[in-house]
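Since every read-out is calculated from the coordinates, none of them should be taken as a lab result. From a predicted model like this one, the values you see are computed outputs, not experimental measurements. When we count neighbours, we look across all protein chains shown, and the Cβ atoms used for this are built from the backbone with ideal geometry, even at glycine.
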Amino acid sequence: MSCTAHRETVSKTPQAVPLGVFRFGRLQGCEDRLLDRDSIDLVFPVEIALMVSAPRPANEAARIEALHGLDILDTPAEERFDSLTRLARRIFGVPIALVSLLDVDRQWFKSTAGLNATETTRDDSFCTYAILEDDMLVIPDAHADPRFRENPFVTGDPHVRFYAGCPLEIPPGNKVGTLCLIDTQARVLTPDDRELLRDLGRLASQELMAVQLAHMDELTQLLNRRGFERLAKRGLTASRQLKQPACLLAFDLNGFKHINDTYGHAEGDRALKTFAGAVRDSLRDGDLVGRLGGDEFAALLMFTDASQAAQIEARVSELLEHRGKAPACPTTFASAWAACPSIPHRTTISPP
């Protein structure tokens with residue numbers, strides 16, 4: 001489901017919030033430096049001072065949309081990710097290695113080695129700072145870093161001292177999480193260590209991109225039918241729950257078969273990409289667009305009434321007129337829109 005991050009302005013005056021209990025699992029296989037207890041219970045007081053929210057990336061809305069588009073949150077563990085965290089833990093000799101994904105207000109773990117937890121609050125996470133970095137975030141000693149020395153995971157169990165997080169990026173430039181290392185002792189990473197962590201981070205990113213491709217159309221880089229239907233269902237559910245309007249737009253290129261037959265499939269592909277770009281660039285953050293197959297496209301316009309849908313329809317036509325100058329590029333399309341739920345309204349759009 002498309003989602004725009006929401007942050008409330010937080011007063012600097014501490015406020016009381018409940019946190020509860022997190023259970024950290026067995027720490028295995030990291031030599032005698034590791035704790036030999038079967039588990040560590042993180043028990044926070046019923047109330048704790050609420051700190052100012054951690055910073056968010058400039059592209060937060062698009063980043064959250066890309067993360068939700070993976071449809072990976074709250075899914076079972078997978079060996080392709082677990083093998084990477086086990087390997088990272090062994091290579092670097094740390095008690096904990098994670099594949100962490102940053103949702104709107106939580107940090108969710110797709111894979112954990114040395115940690116028996118599924119999520120934490122995002123504002124307490126080191127990883128929410130790591131995705132702001134171009135390369136990676138390395139904290140040699142959290143006690144010496146003003147951003148983290150009062151963090152509950154530093155002052156209490158599991159007593160984080162060292163952190164290194166490599167951002168996990170999926171196209172187009174969305175850092176959705178990290179592959180990270182955690183140690184209970186201060187330490188440094190050598191240049192060779194950093195390169196090894198980058199390599200493992202690239203592997204984790206590739207696995208996330210494989211998940212993304214299962215929901216993406218390779219030619220146009222839009223959602224495919226499967227991805228669009230999944231996210232559109234969530235979007236419509238959200239609009240009903242929030243009592244907000246939504247509109248569904250369907251597009252069909254005019255003369256696409258003629259383009260393929262006359263100019264060849266390479267030009268047909270170019271026509272599809274041109275049209276896909278015009279639709280994508282006409283929409284707003286939070287709207288969904290997908291290629292359903294052939295020359296058929298659809299868009300779900302969140303929190304949009306019929307008059308706004310007509311404006312977006314016209315904007316697609318205007319962009320297509322400016323971009324479709326080559327003979328093989330489409331200049332007209334048929335469309336149908338429906339306010340959800342409603343009776344579809346069909347039109348044929350030609351540029352002015």
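Calculate the spin-label point distance for T262 paired with T121, positioning each point 7 Å from the Cα along the beta-carbon direction, and give it in nanometres.
Between T121 and T262, the label points sit 6.3 nm apart.
Taking the beta-carbon count within 10 Å as an exposure proxy, list C166, C340 from fewest neighbours to most.
Least crowded to most crowded, the residues run C340, C166.
Just for the Cα atoms in region 241-315, what are the lengths along the principal axes, largest first, rounded to whole Å?
Principal extents (Cα only, largest first): 47, 20, 16 Å.
Suppose we keep just the alpha-carbon trace of region 136-284; what are its Rg and Dmax in angstrom?
Final numbers for Rg and Dmax: 23.0, 70 Å.
Under a point spin-label approximation (7 Å from Cα along Cα-to-Cβ), what is the D105-A186 distance to one decimal in nm?
Roughly 3.6 nm, to one decimal.
By how many nm would the segment from A58 to R323 lengthen if fully extended, with 0.36 nm per residue of separation less the alpha-carbon distance?
Details: separation 265, 0.36 × 265 = 95.40 nm, distance 2.85 nm.
Full extension from A58 to R323 adds 92.6 nm.
Length gain on complete extension for the stretch L242 to E78, per 0.36 nm per residue less the alpha carbon to alpha carbon distance?
The L242-E78 span can extend by a further 55.7 nm.
Compute the label zone of Q206 within region 62-93: residues whose backbone N is under 20 Å from the point 7 Å along Cα-to-Cβ.
Answer for region 62-93: 78-92.
Determine the distance separating the Cα centre of region 158-173 from the Cα centre of region 237-287; give it in Å without decimals.
First find each Cα centre; the distance between them is then 35 Å.
Taking a 30 Å limit on the Cα-Cα distance, which of the listed pairs K175/K273; K110/K273; K110/K243 fall beyond it?
From K175/K273; K110/K273; K110/K243, over 30 Å: K110/K273; K110/K243.
Which whole-angstrom value gives the distance between the alpha carbon centres of region 174-190 and region 112-144?
7
Within region 202-310, which GluC sites (Glu not before Pro) sit in a loop by DSSP and count at most 14 neighbouring Cβ atoms inside 10 Å?
Within region 202-310, the qualifying GluC sites (Glu not before Pro) (loop, at most 14 other Cβ atoms within 10 Å) are E218.
How many nm separate the modelled label positions at A306 and E218, each set 7 Å beyond the Cα in the direction of the Cβ?
About 4.2 nm, to one decimal.
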